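Visitor: Pasting in a structure now, in structure tokens, and then I'll have a few things to ask.
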Amino acid sequence: MKATAAKAMKRAWEIFKAAGIRTMKAWSVALKKAWQEVTRAEKYVEITLAKIGRTGKAWVAEITGLSKQYKFARTFLKGTVVDEWGFNNQSLRFELEEGKLYQIEDHHSKPHFAYFERGEMKEISESSVAFWLEVKNA
């Protein structure tokens, strides 16, 4: 909590100086904006995947439960194109929330499961995904 507050104060000061207006109202707005930025950054993690060629794959899906047809119910996330190079090659950025379970596939790996904790990706086996969902729903 202390680190978050310190980051927010530092960012608020940057916003306040950039605005060029020295009033209490401007400081209040800068502090509110900085607090939102810092707390959002701590809650979300961004990953970038490469999609190579026309048939290349790069996707992220949040695991939302169990499915009889596909084993796991998923919600596919829409990535933002951050870079394009060559013919049909793209870098896609996905914003993932900490504490949720995801299935990730990019051009150089088969689909794998992961979750994020304190900004760090932790891989989880497919057999552990069902257990994760059971515990979550209990």
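The values are calculated or read from the model by the stated rules, or taken from the named source; none is laboratory data. Nothing here was measured: the structure is a model prediction, and the numbers come from that model. No Cβ is skipped: glycine too gets one built from the backbone with ideal geometry, and neighbour counts run over all protein chains shown. Ligands, DNA and RNA are stripped out before the accessible areas are found, and what is left, the full protein with its side chains, is counted by its heavy atoms. Shrake-Rupley method; radii C 1.70, N 1.55, O 1.52, S 1.80 Å.
Visitor: Per residue, how much accessible area does the chain show when a 1.4 Å probe rolls over the protein heavy atoms, in square angstrom?
Guide: 70 Å²
Visitor: Could you look at the chain and say what percent of its accessible area is carbon and sulfur, using a 1.4 Å probe and all protein chains?
Guide: Within the chain, the accessible surface is 54 percent carbon and sulfur.
Visitor: Per-residue HN-Hα couplings for segment 58-72, Karplus 6.51 cos²θ - 1.76 cosθ + 1.60 at θ = phi - 60°, whole Hz, x for Gly and Pro?
Guide: 7, 8, 9, 10, 7, 7, 10, x, 9, 9, 5, 7, 10, 6, 10
Visitor: Given R₀ = 30 Å, what would the calculated FRET efficiency be for T75 paired with K33, taking r from the Cβ atoms and rounding to 0.05?
Guide: 0.50
Visitor: Could you tell me which of T80, A19, M9 has its Cα farthest along the dipole of the chain towards the positive end, charges placed at Cβ (Lys, Arg +1; Asp, Glu -1), taken about the Cα centre?
Guide: Of the options given, the answer is A19.
Visitor: Amide H of L77: which non-local residues (sequence gap of 5 or more, or other chain) have their own amide H closer than 5 Å, using H built in the peptide plane?
Guide: V60, A61, E62
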